[in-house]
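Visitor: This is the structure I want to talk about, given as structure tokens.
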Amino acid sequence: TDLVAYLARRIRFDIPDKVSAPREDILVLQEDYFRFEEYAGIDVHGILSANAFSKYIIRINYDRRIITLYDRESFKIREDGYEPIPIEVYRNKIYMNSRFYLRPDSIAPIKLLIDTGAGLPLLMFSNTHPLVHPPDNAITTNIGMGLGGYLEGFTGRVFQLDLGKFSEKNIVTYFQTLDSTMNEEYLHGRNGLIGNTLLGRFSVIFDYQNSTMWLKPARNFRNEFVYDRSGLIVIATGPGFGKFVVQGVIDNSPAAEADIRKGDEIKRIGIAPAAFLSLGDVQRIFQKKPGKKVKIIIKRDGKRMKKRIVLRDLI
């Protein structure tokens, strides 16, 4: 698929009274190829690169949903509870070395991209290391949006990932097989990436110039990694992203057993009209405990239908 974009030079970006990026070169896509809004359920007008922030010390507080930028001269880290982790900064992207445990007896040394724009815990490229591959109980699912459409891969749970002295266990992990023609310089030897769902278990500080990332466990550090228990892949469309459409149904899942199909529109979940819910609300409902019965009303070919899903673990 060809991607057409235009280069706009020396564009000024301002976060009023906060940050100014006076001379940025930006790419303007001819079309919305990636349709981030459908997966995020909010308007996404573009992506700011690290180039606008790398001169600062950056603290991300996921609990409070605040990004704080500090001048290097005035910043002093309170090291209590923080673990410094060496990082590599290459083309304004952050990489770290880690250890990946598919099982307790299967340990792979790996390199990971730190991606604060990825809404998942861990994505691994299964053809980059002999010990990096989906577990036996992994399921086929969509893992994101690419130029050619939705990207298909696998999802399963892995035993452990080490982040410095910290370890996360039983992680929901997505697996993708890379195209053999992908540019090796672009990949920079990485075996996968860490996204926000895992980073959000820490208070995170990035120091680009000193090649250091600091991690401090947050309150949710030991919480279970939850995953959808319905088998539905739902996207948000329409004005205000208040229309929820089934983009896919996992085979042999509760949703498949309830005869819910791709293209069905979700009109109501329980007593709540879909118009009163966000995409995040919908996803959280379908992540509730196994055995939970979820009544929904769908619209298919102009007809409304009542369905009942009994949630269960899929991975």
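Visitor: When the residues of the range 1-21 are filtered to those that are in contact (Cβ under 8 Å) with a residue 12 or more places away in the chain and surrounded by 10 or more Cβ atoms within 10 Å (Cβ to Cβ), which remaining residue is farthest from Ser49 (Cα to Cα)?
Guide: The first filter runs over the range 1-21 and keeps only residues in contact (Cβ under 8 Å) with a residue 12 or more places away in the chain, leaving 1, 3-13, 18-19, 21.
From what is left, the residues that are surrounded by 10 or more Cβ atoms within 10 Å (Cβ to Cβ) are 3, 5, 8, 11, 13, 19, 21.
Values: Leu3: 19, Ala5: 16, Ala8: 15, Ile11: 13, Phe13: 12, Val19: 14, Ala21: 11 Å.
Restricting to residues being in contact (Cβ under 8 Å) with a residue 12 or more places away in the chain and surrounded by 10 or more Cβ atoms within 10 Å (Cβ to Cβ), the top hit is Leu3.
Visitor: Any residue at all in the range 37-50 that is of a type in the set (S, T, N, Q) and surrounded by 13 or more Cβ atoms within 10 Å (Cβ to Cβ)?
Guide: Yes.
Visitor: Checking the conditions here, which among Gly81, Gly153 is buried (at least 19 other Cβ atoms within 10 Å of the Cβ) and either part of a loop (DSSP other than H, G, I, E, B) or without any contact (Cβ under 8 Å) to a residue 40 or more places away in the chain (or both)? Steps first, answer last, please.
Guide: Numbers: Gly81 fails: buried (at least 19 other Cβ atoms within 10 Å of the Cβ).
Sole residue among the options that is buried (at least 19 other Cβ atoms within 10 Å of the Cβ) and either part of a loop (DSSP other than H, G, I, E, B) or without any contact (Cβ under 8 Å) to a residue 40 or more places away in the chain (or both): Gly153.
Visitor: Inspect all residues belonging to the range 283-297 and state whether any of them is at pLDDT 95 or above, over 27 Å from the mean Cα position of the chain (by Cα) and on the phi > 0 side of the Ramachandran plot.
Guide: Looking for residues that are at pLDDT 95 or above, over 27 Å from the mean Cα position of the chain (by Cα) and on the phi > 0 side of the Ramachandran plot, one finds none in the range 283-297, hence no.
Visitor: Also: Checking Met213 against (1) in a loop (DSSP other than H, G, I, E, B); (2) farther than 15 Å from Leu120 by Cα, which test does it fail?
Guide: That leaves (1) as the condition not met.
Visitor: Which one of the conditions (1) closer than 24 Å to Ser126 by Cα; (2) assigned to a strand (DSSP E or B); (3) touching a Phe, Trp or Tyr at 6+ places or on another chain (Cβ under 7 Å); (4) in contact (Cβ under 8 Å) with a residue 60 or more places away in the chain does Leu193 fail to meet, given that it meets all the rest?
Guide: Leu193 satisfies all of (1) closer than 24 Å to Ser126 by Cα; (2) assigned to a strand (DSSP E or B); (3) touching a Phe, Trp or Tyr at 6+ places or on another chain (Cβ under 7 Å); (4) in contact (Cβ under 8 Å) with a residue 60 or more places away in the chain except (3).
Visitor: Now for a different question. Consider Ala218 carefully, then state whether it is farther than 22 Å from Ile94 by Cβ and surrounded by fewer than 20 Cβ atoms within 10 Å (Cβ to Cβ).
Guide: Working: farther than 22 Å from Ile94 by Cβ: no; surrounded by fewer than 20 Cβ atoms within 10 Å (Cβ to Cβ): yes.
No, not satisfied.
Visitor: Look through the range 199-229, keep the residues that are of a type in the set (Ser, Thr, Tyr) and within 19 Å of the chain's Cα centre (by Cα), and return whichever of them is nearest to Gly280 (Cα to Cα). Before the answer, list the steps.
Guide: First, the residues of the range 199-229 that are of a type in the set (Ser, Thr, Tyr): 203, 208, 211-212, 227.
Going one step further and asking which of them are within 19 Å of the chain's Cα centre (by Cα), we end up with 203, 227.
On the way: Ser203: 22, Tyr227: 13 Å.
Among those that are of a type in the set (Ser, Thr, Tyr) and within 19 Å of the chain's Cα centre (by Cα), it is Tyr227.
Visitor: Another one. Across the range 156-190, which residue is surrounded by the fewest Cβ atoms within 10 Å (Cβ to Cβ) among those that are in contact (Cβ under 8 Å) with a residue 60 or more places away in the chain and over 24 Å from Pro86 (Cα atoms)?
Guide: Of everything passing the filter in the range 156-190, Arg157 is surrounded by the fewest Cβ atoms within 10 Å (Cβ to Cβ).
Visitor: Just need a number here: residues in the range 247-282 that are modelled with pLDDT under 95, under 20 Å from Ile139 (Cα atoms) and part of a helix (DSSP H, G or I).
Guide: 0
Visitor: I would also like to ask the following. In the range 282-315, which residues are closer than 15 Å to Val246 by Cα and of a type in the set (Asp, Glu)?
Guide: Within the range 282-315, just Asp301 meets the criteria.
Visitor: Can you tell which of Arg300, Arg312 is out of contact with any His (no Cβ under 8 Å at 6 or more places or on another chain), basic (Lys, Arg) and closer than 21 Å to Arg157 by Cβ? Walk me through it before giving the result.
Guide: Numbers: Arg300 fails: closer than 21 Å to Arg157 by Cβ.
Arg312 is the lone residue from the list that is out of contact with any His (no Cβ under 8 Å at 6 or more places or on another chain), basic (Lys, Arg) and closer than 21 Å to Arg157 by Cβ.
Visitor: So, one more: Kindly list the number of the only condition in (1) in contact with a Gly (Cβ under 6 Å, 6 or more places away or on another chain); (2) crowded, with 17+ Cβ neighbours inside 10 Å that fails for Ala258.
Guide: (1)
Residue-by-condition table, conditions (1) closer than 23 Å to Met213 by Cβ; (2) at pLDDT below 90; (3) not assigned by TED's automatic domain parsing to the domain that holds Ile205:
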position	(1), (2), (3)
Pro121	yes, no, no
Arg157	no, no, no
Thr173	yes, no, no
His188	yes, yes, no
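Visitor: Can you tell me which residue is farthest from Lys267 (Cα to Cα) among those in the range 210-252 that are of a type in the set (Gly, Ala, Ser) and out of contact with any Ser or Thr (no Cβ under 9 Å at 6 or more places or on another chain)? Quick ask: steps written out before the conclusion?
Guide: Going residue by residue through the range 210-252, those that are of a type in the set (Gly, Ala, Ser) are 211, 218, 230-231, 236, 238, 240, 242, 248.
Imposing the further condition that a residue be out of contact with any Ser or Thr (no Cβ under 9 Å at 6 or more places or on another chain) reduces the set to 211, 238, 240.
Values: Ser211: 49, Gly238: 13, Gly240: 15 Å.
Looking at residues that are of a type in the set (Gly, Ala, Ser) and out of contact with any Ser or Thr (no Cβ under 9 Å at 6 or more places or on another chain), I get Ser211.
The values are calculated or read from the model by the stated rules, or taken from the named source; none is laboratory data. Only a predicted model underlies this, so the values are computations on that prediction, with no experimental measurement involved. Cβ atoms come from the backbone with ideal geometry, glycine included; neighbour counts cover every protein chain shown.
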